[in-house]
1. Please identify the pairs in which a residue from region 69-93 that is under 15 Å from MET39 (Cβ atoms) has its Cβ atom under 8 Å from the Cβ atom of a residue that is buried (at least 22 other Cβ atoms within 10 Å of the Cβ) and of a type in the set (S, T, N, Q), counting only partners at least 6 apart or on another chain.
2. Being surrounded by fewer than 15 Cβ atoms within 10 Å (Cβ to Cβ) and of a type outside the set (D, E, K, R) is the filter; apply it to region 20-46 and report the residue that is farthest from the chain's Cα centre (by Cα).
3. Let me spell it out: the conditions are (1) surrounded by 15 or more Cβ atoms within 10 Å (Cβ to Cβ); (2) within 13 Å of the ligand (Cβ to nearest atom); (3) within 23 Å of GLY115 (Cβ to Cβ); (4) not charged (D, E, K, R), and GLY73 meets all of them except one. Which number is the exception?
4. Would you mind stating whether THR101 is of a type in the set (Ser, Thr, Tyr), within 21 Å of ASP33 (Cβ to Cβ) and outside any loop (DSSP other than H, G, I, E, B)?
5. Six or more apart or on different chains, Cβ under 9 Å: which pairs go from a residue in region 6-29 that's in contact (Cβ under 8 Å) with a residue 12 or more places away in the chain and over 30 Å from TRP98 (Cβ atoms) to one that's part of a strand (DSSP E or B) and among the basic types (Lys, Arg)? Could you list them?
6. Just the residues that are of a type in the set (A, V, I, L, M) and within 6 Å of the ligand (Cβ to nearest atom), please, taken from region 22-50.
7. In this structure, does VAL95 turn out to be more than 24 Å from ALA129 (Cβ to Cβ), part of a loop (DSSP other than H, G, I, E, B) and more than 13 Å from the ligand (Cβ to nearest atom)?
Amino acid sequence: MTVRMEPAFDTRAFRHALGHFPTGVCVVTARVDGAPVGMTVNSFNSLSLDPPLVLFSVATGAASLPLWRRAEGYAVNVLAENQKDMSDRFARSGVNKWEGTTYAEGLFGAPALPGVAAVLECAAWATHAAGDHVLFIAEVRRFRTASGRRPLVFSKGRYAKLHETEFTASLWPLDIHY
Ligand SMILES: Cc1cc2nc3c(=O)[nH]c(=O)nc-3n(C[C@H](O)[C@H](O)[C@H](O)COP(=O)(O)O)c2cc1C
């Protein structure tokens, strides 16, 4: 009898493949028990226009996960291309990410960071366990954009910038999409 073994799933190759999808970089913040919470995420995405929903996911191993679960709302700070340092700062674990950071207090007390390309202030809407991450769905209550600021990009495990030609006339949204 021949037993056919499925090849083991190659997680490294999977990560590598996912890296071919470029994303922006956000620092998601909240206020829990009076203290600011923040972490760098590139899992942010738009989800629904009506109601206005967005999403991000937090690793089950993240130290701050219990705090995110308790937050009533979040601010999604979309980083500008000159904010790599901000991204690195909020991607560090076990340190005081807030030391020397100035911010304004948004809805639910969530910190709105200076110099960002956009900030979306959201109310917690739903969470779903999803493998080794927890999916957070949030309802956008208000937002601001700084159209002059270009977004920071993350692609293939590195920070990147959009090329100059990407800033010509906007092609989106096209009529056919709605
Ligand atoms: C560009 C970038 C994107 C990241 N995206 C995510 C993400 O979407 N979800 C996540 O759980 N961690 C993400 N991380 C890692 C977290 O920022 C990092 O684990 C952070 O230390 C978690 O904060 P904590 O230790 O205070 O919980 C990302 C890191 C970088 C540099």
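1. Filtered contacts from region 69-93: TYR74/THR29; ALA75/THR29; ASN77/THR29.
2. GLY34
3. It fails just one condition, (2).
4. no
5. If the second residue must be part of a strand (DSSP E or B) and among the basic types (Lys, Arg), no pairs are left.
6. VAL25, MET39, VAL41
7. No, not satisfied.
A quick yes/no check of all residues on (1) of a type outside the set (Phe, Trp, Tyr); (2) in contact with a helix residue (DSSP H, G or I) (Cβ under 8 Å, 6 or more places away or on another chain); (3) at pLDDT below 95; (4) under 27 Å from LEU162 (Cβ atoms):
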{"residue": "LEU65", "(1), (2), (3), (4)": "yes, no, no, no"}
{"residue": "ALA71", "(1), (2), (3), (4)": "yes, yes, no, no"}
{"residue": "LEU79", "(1), (2), (3), (4)": "yes, yes, no, yes"}
{"residue": "SER87", "(1), (2), (3), (4)": "yes, no, no, yes"}
{"residue": "GLY109", "(1), (2), (3), (4)": "yes, no, no, no"}
{"residue": "ALA126", "(1), (2), (3), (4)": "yes, no, no, no"}
{"residue": "GLY131", "(1), (2), (3), (4)": "yes, no, no, no"}
{"residue": "PHE136", "(1), (2), (3), (4)": "no, yes, no, yes"}
{"residue": "SER147", "(1), (2), (3), (4)": "yes, no, yes, yes"}
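The values are calculated or read from the model by the stated rules, or taken from the named source; none is laboratory data. Quantities reported herein were computed from a predicted structural model and do not represent experimental measurements. Virtual Cβ from ideal backbone geometry, glycine too; neighbours counted across all protein chains shown.
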